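The values are calculated or read from the model by the stated rules, or taken from the named source; none is laboratory data. Keep in mind the model is a prediction, meaning the values are calculated, not measured. Virtual Cβ from ideal backbone geometry, glycine too; neighbours counted across all protein chains shown.
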Amino acid sequence: MIPLSVPNLTGNEKKYLIDCIDSTFVSSVGEYVNRFESMTAEATGSRYAVATSSGTTGIHAALTAAGVTYGDLVVIPTFTFIASANSVKHCGADPYLMDISADSWCLSPEAVRDNLAKKCRRENGMLVHAETGRRIAALMPVYTLGNIPDMEAFREIADEYTLPLIVDAACAAGATYKGGNIGPLADVSILSFNGNKTITCGGGGAAVGNDEKLLGHIRHLTTTARVWPDYDFDEAGFNYRMTNIQAAVGCAQMENLGPFVKTKRRIRTYYEERLSALKEVGISFFPTTPGSSCWFSGIVLPEGTDFSYTKKLCADLKDKGIEAKTFWKPVHLQKPYAGAPCEDVRTAEGLWQRLIALPCSTGISDEELETVSRTVTALLA
Ligand SMILES: Cc1ncc(COP(=O)(O)O)c(C=O)c1O
């Protein structure tokens, strides 16, 4: 079976893990955690990085530190992994779901601008969703597939309404924007180092940014809000810190971030070039923005394709030894968010049933890429 996306542990992972275990520092204090934070800050061009137990916990801590609380709404795209919405929900808030741009699959700044202007009002210095009377507490675009949307537009909207700009950058390790790093683009961005990401800690995440106070608060919250040296705590904090074991793997992975992202981009280009004949039967490809980390690659079936056909194709590929999968089902169609405020999301609606993610591990061989391409072509051409 050619897997969809599996970790590539061919570097110093074992060496650092043995060192970590020998040191007995296996928990959330240790040199590897500090080193991983420095490496993550540098890789994203950020002044500060806080390592967390997962991307989800990182987002939850970041939203909490940004003041998101009970009854609030946070603007997110409906086309995202459910963890973006769950992190909002864990603050006692709800996602305010909006559409994506067709060219990046990221939250559409035009949709956000339009909806905030038409569906919200300013009240006592706050932005309030008119229909529900709930406060809009933050703006959280998602770097879908490692694509970066028009961040100047989001900065403008955030400034206009005085909203914190938080980014779910779970898939974006290694991405760049206009030749620069992603760290400075938002107040805080959260990466994931889950097993299917370009680099992994087994599980893990990191919040990055340049705002000392905000990132300091996130650090405090993720470490139980303890006030040293005694057992005093000044907030209801979380136990969300990354462990030294996770960070040992993470440091070895970070050493290979550059080559791994290069491979991800090459896989994306390979499929588009090798499968270009499929354009004649209405098939297109997962989009990229300049500097995208190309976390996942895949194909988009023609408009109007039924989800059952997409699933059947995935099953047929599996029968032929290729792990291919459908992709994110939008949040507004998920049971826990059926009642969440949701605007016109027709781009996401028209897209998600037609997506097939193709094998894109950084360790994939040219032979395997060719096998996938040949098999996909045989099924679709
Ligand atoms: C867009 C997005 N947000 C959040 C997450 C959550 O990250 P984690 O699995 O590290 O909690 C993921 C990946 O799992 C993701 O793809």
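Restricted to the stretch 68-118, and to residues there that are in a loop (DSSP other than H, G, I, E, B) and among the acidic types (Asp, Glu), the residue that is farthest from residue 57 (Cα to Cα) is 103.
Give 133, 67 a once-over and let me know the one that is surrounded by fewer than 16 Cβ atoms within 10 Å (Cβ to Cβ) and under 14 Å from residue 341 (Cβ atoms).
On the way: 67 fails: under 14 Å from residue 341 (Cβ atoms).
So the residue among 133, 67 that is surrounded by fewer than 16 Cβ atoms within 10 Å (Cβ to Cβ) and under 14 Å from residue 341 (Cβ atoms) is 133.
So is residue 74 within 16 Å of the ligand (Cβ to nearest atom) and at negative phi or not? Give the derivation first.
Numbers: within 16 Å of the ligand (Cβ to nearest atom): yes; at negative phi: yes.
Taking the combined requirement at face value, the residue satisfies it.
The residue that is nearest to residue 245 (Cα to Cα), among those in the stretch 11-38 that are surrounded by fewer than 24 Cβ atoms within 10 Å (Cβ to Cβ) and in contact with a Gly (Cβ under 8 Å, 6 or more places away or on another chain), is 20.
Taking the criterion of being under 30 Å from residue 370 (Cα atoms) and in contact (Cβ under 8 Å) with a residue 12 or more places away in the chain, the residues of the stretch 319-349 that qualify are 320, 321, 322, 323, 324, 325, 326, 327, 328, 329. Inside the stretch 178-209, residues that are surrounded by fewer than 16 Cβ atoms within 10 Å (Cβ to Cβ) and not in a strand (DSSP E or B) make up a count of 3.
Conditions tested, residue by residue: (1) in the same structural domain as residue 166 (by TED's automatic domain parsing); (2) of a type in the set (Val, Ile, Thr); (3) within 16 Å of residue 138 (Cβ to Cβ).
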position	(1), (2), (3)
76	yes, yes, yes
79	yes, no, no
84	yes, no, yes
89	yes, no, yes
94	yes, no, yes
99	yes, no, no
104	yes, no, no
109	yes, no, yes
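Quick check on my filter: what residues within the stretch 136-168 are in a loop (DSSP other than H, G, I, E, B), within 15 Å of the ligand (Cβ to nearest atom) and of a type outside the set (Phe, Trp, Tyr)? Correct list: 140, 141, 147, 148, 149.
Once the stretch 164-176 is narrowed to residues that are touching a residue at least 40 places away in the same chain (Cβ under 8 Å) and surrounded by fewer than 23 Cβ atoms within 10 Å (Cβ to Cβ), the residue that is farthest from the chain's Cα centre (by Cα) is 164.
Applying a threshold of 8 Å to beta carbon distances and a minimum spacing of six or more residues, or different chains, the list of pairs starting in the stretch 50-72 at a residue that is assigned by TED's automatic domain parsing to the domain that holds residue 192 and under 17 Å from residue 203 (Cβ atoms) and ending at one that is within 8 Å of the ligand (Cβ to nearest atom) and charged (D, E, K, R) reads 55/168; 59/168. Kindly provide the set of residues from the stretch 215-248 that are more than 14 Å from residue 53 (Cα to Cα), surrounded by fewer than 19 Cβ atoms within 10 Å (Cβ to Cβ) and out of contact with any Ser or Thr (no Cβ under 7 Å at 6 or more places or on another chain), ordered by number. Answer for the stretch 215-248, where residues must be more than 14 Å from residue 53 (Cα to Cα), surrounded by fewer than 19 Cβ atoms within 10 Å (Cβ to Cβ) and out of contact with any Ser or Thr (no Cβ under 7 Å at 6 or more places or on another chain): 216, 225, 226, 227, 228, 229, 230, 231, 232, 234, 235, 236. For the stretch 167-221, filtering for residues that are within 12 Å of residue 57 (Cα to Cα) and in contact with a Pro (Cβ under 9 Å, 6 or more places away or on another chain) leaves 1. Checked against (1) outside any loop (DSSP other than H, G, I, E, B); (2) away from the ligand (no atom under 16 Å from the Cβ); (3) among the small types (Gly, Ala, Ser), residue 237 passes all but a single condition, namely (1).
What are the residues in the stretch 169-203 that are of a type in the set (Phe, Trp, Tyr) and more than 8 Å from the ligand (Cβ to nearest atom), if any? If the condition is that a residue be of a type in the set (Phe, Trp, Tyr) and more than 8 Å from the ligand (Cβ to nearest atom), then 177 is the only one that fits. Of the residues making up the stretch 294-323, those that are assigned to a loop (DSSP other than H, G, I, E, B) and under 15 Å from residue 364 (Cβ atoms) number 5.
Restricting attention to the stretch 39-67, the residues being more than 16 Å from the ligand (Cβ to nearest atom) and outside any helix (DSSP H, G or I) number 6. Within the stretch 17-38, the set of residues being in a helix (DSSP H, G or I) and either over 30 Å from residue 177 (Cβ atoms) or small (Gly, Ala, Ser) (or both) comprises 17, 18, 19, 20, 21, 22, 23, 31, 38. Criterion applied to 348, 277, 357 was being outside any helix (DSSP H, G or I) and either more than 16 Å from the ligand (Cβ to nearest atom) or at pLDDT 95 or above (or both), and the one residue passing it is 357.
State whether one or more residues within the stretch 210-217 are assigned to a helix (DSSP H, G or I) and either within 16 Å of the ligand (Cβ to nearest atom) or among the charged types (D, E, K, R) (or both). Before the answer, list the steps.
So in the stretch 210-217, the residues assigned to a helix (DSSP H, G or I) come out as 212-217.
Next, only the ones that are either within 16 Å of the ligand (Cβ to nearest atom) or among the charged types (D, E, K, R) (or both) stay: 212-213.
Yes: the stretch 210-217 contains one or more residues that are assigned to a helix (DSSP H, G or I) and either within 16 Å of the ligand (Cβ to nearest atom) or among the charged types (D, E, K, R) (or both).
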